[in-house]
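Some notes on the structure that comes next.
Please treat every number below as a calculation from the coordinates, not as lab data. All figures in this text were calculated on a predicted structure; none of them were measured in a lab. FYI the Cβ positions are ideal-geometry reconstructions off the backbone, even for glycines, and counts take in every protein chain you see.
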Amino acid sequence: MISILPKDFPPRALKEHFAIFESLLEYSDDKILEDFGDEEIEVIVGGPPCQGFSSANRWNKENADPRNKLFFEYLRFVELLKPKAVVIENVKGMKSLYKGEILDQVVQRFESLGYKVSEPSVLLAANYAVPQMRERLFIIGVRNDYEEFVFPEPLTPSNKISCKEAISDLPSRESEFGIESDNYTSNALSSYQKLMRMNASSLYNHVATKHTEMVKSVIKLVPEGKNHKALPPGVGESRKFNEAWTRYHSKKPSKTIDTGHRNHFHYKWDRVPTVRENARLQSFRDDFIFTGPRTQQNKQVGNAVPPLLAYSLAKQIKKTIEKT
């Protein structure tokens, strides 16, 4: 998916006026120019997969891996619309993939289209007021007629927001299951929670998973901040990868939110986090409501760029392209 934002773009109008629900592979050059050619495009943001490239010498459209086509589609939009800035987000492992050859090729492609690209950086979300130890790679370039983009300084390098500060105001759901919407049962207990509640009058997506008694008995054995390694011998033998069965620590940011939602436990309650709790840990405000089956809701949350991190980057991009 890519996002194309014209100047003076109205955020609340995205779904009604600017969302495109079709394959980019079927979106012709003429159609792109018809829909956006008269607009002054500020930025094109995307997360096209690049892991399909096996080495730099196979960097071409004929590469068999279908994931590669999406990157070239992203480039096609950039070449046709010539936005002021371009942004790509990807997993941090891309930076070292094939000893950096793939990343070098990405930068060279943008340079050939008239963009100067800042040194790609891996940013830690917890440094930007997000209560999560999530690391992601960002590639950001601006057109050659602007000054080079400089990544924003960390906002919270030593005072990171904890899980407790993020979600302690939400109902426990120890015995309440299947509730789709609800009222808050306590006041906001931190400045972060006040921010997350902004414009929200009801609580959505806070539906607890109903575990079996056997599963709950195992979860109870995991101490706060520990994982499967702390379980007694013979317990949890099938879950021996690093992130398996990790209980969050109340006084620290969470681990990276995943899309499967079953590897982590609430720091206090003996269950996996709800969609709303994970959304809070991603910095989605409570007025952002996720729809579809719960498995899809978890994917929407887990695959997203944390909004507060995105906000810090957006402000810095805006500052860069507004300079004359």
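Kirkwood Rh over Cα pairs of the range 94-210 into Stokes-Einstein at 4 °C, 1.567 mPa s: D in µm²/s?
Rounded, D is 72 µm²/s.
Bin by bin, in steps of 10 Å, what percent of the Cα pairs in the range 156-305 do you find, going until the bin that has the longest distance?
Each 10 Å bin holds this share of Cα pairs: 11, 42, 36, 10, 1.
Points 7 angstrom from Cα along the Cβ direction at Arg143 and Glu39: gap in nanometres?
Result for the modelled spin labels: 1.5 nm.
Past 25 Å, Cα to Cα: identify those pairs from Lys31/Lys315; Lys216/Lys255; Lys99/Lys318, in the order given.
Lys31/Lys315; Lys99/Lys318
Using +1 on the beta carbon of Lys and Arg, -1 on that of Asp and Glu, and nothing else charged, what's the dipole of the range 131-242 about the Cα centre, debye to 20?
500 debye
Name the residues whose placed amide hydrogens come within less than 5 Å of the amide hydrogen of Arg271, ignoring near sequence neighbours (fewer than 5 apart) on the same chain.
Under 5 Å from the amide H of Arg271: His266.
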